[in-house]
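Beneath this line is the structure, given in structure tokens, with notes to follow.
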């Protein structure tokens, strides 16, 4: 009986030791430093604010800013809740679940420490409120839905911008990109440690279709946008705006080249 009592007491003792270490031994400053170093990049800085420890190794973070080295805001998460999956702790393969808000949208997912694997889902993220829109000089509205699976810095990202109402944009060098012609955008990106390849990226509008292909390497965006209006396109006079990029009747190729995006 005594031996059985000792065996049954061991898990309880371990729980109290872990919780005691969590509340007493691990200060918020240490958690801040761990989160700040979570992304291995010298171009993106992570700044968490308002860290609060909860029960059973959980965390609530009021805000996490992702910034460029010059302090330009790239993205922001708010009301982030992080908690461990205890079955994964028992299996010695720690898995953490997280939820948060990106403006009015929802971000949720899991992160496995042992495999360095991230699964991320986002929905109803307002395009007009994202910092990425400003960095790319895009104006307009729309709702972003995305799914990402990244393991050891490699994986894929699937996204969809619905109900898009965009404005025509002008790239450096005077290149015009008629984003206002499109209201539904879908894409699939293949991510590696050095390059993001555009595997599939389509834009659809009333009587016009476009696809984008190319790569993003480091700070350089090197893409081509193929625009293909058909006979039902209601504003054929506007095609004069992209006439310099005409390859053949009904087929235009616009170069999208940007550098220094994250420098």
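Explain nothing, just the number: relative contact order of region 144-263, from Cα pairs under 8 Å at least 6 residues apart, as a whole percent. Provide the component values of the computation, followed by the final result.
Numbers: 266 pairs, mean separation 21.6, N = 120.
In percent, rounded to a whole number, it is 18.
For the residue pair residue 56 and residue 247, what label-to-label distance in nm results when each label sits 7 Å from Cα along the Cα-to-beta-carbon direction?
So the label points at residue 56 and residue 247 sit 5.6 nm apart.
Grab the beta carbon distance between residue 63 and residue 168, set R0 = 51 Å, and tell me the FRET efficiency rounded to 0.05.
The computed FRET efficiency comes out at 0.95.
How do 225, 168, 102 line up, fewest other C-beta atoms within 10 Å first?
Least to most surrounded, the residues fall as 168, 102, 225.
To the nearest 0.05, how large is the calculated FRET efficiency for residue 70 and residue 230 if R₀ is 41 Å and r is the Cβ-Cβ distance?
Calculated transfer efficiency: 0.40.
Send over the semi-axes of region 50-198's equivalent ellipsoid, whole angstrom and largest first, taken as the square roots of 5 times the C-alpha gyration tensor eigenvalues. Show your work: numbers first, answer last.
Working: eigenvalues 204, 62, 42 Å².
So the three semi-axes of region 50-198 are 32, 18, 14 Å.
For labels at residue 106 and residue 29 in the simple 7 Å Cα→Cβ model, what's the distance in nm?
Computed distance between label sites residue 106 and residue 29 equals 3.8 nm.
Kirkwood Rh over alpha-carbon pairs of region 116-263, then Stokes-Einstein at 4 °C and 1.567 mPa s: what D in µm² s⁻¹, rounded to an integer? Numbers along the way, then the final one.
Values: Rh = 16.2 Å.
In µm²/s, the coefficient rounds to 80.
Values in this text are rule-based calculations from the coordinates and carry no lab data. Source: prediction; values computed, not measured. Here Cβ is always computed from backbone atoms with ideal geometry, including for glycine, and neighbour counts include all displayed protein chains.
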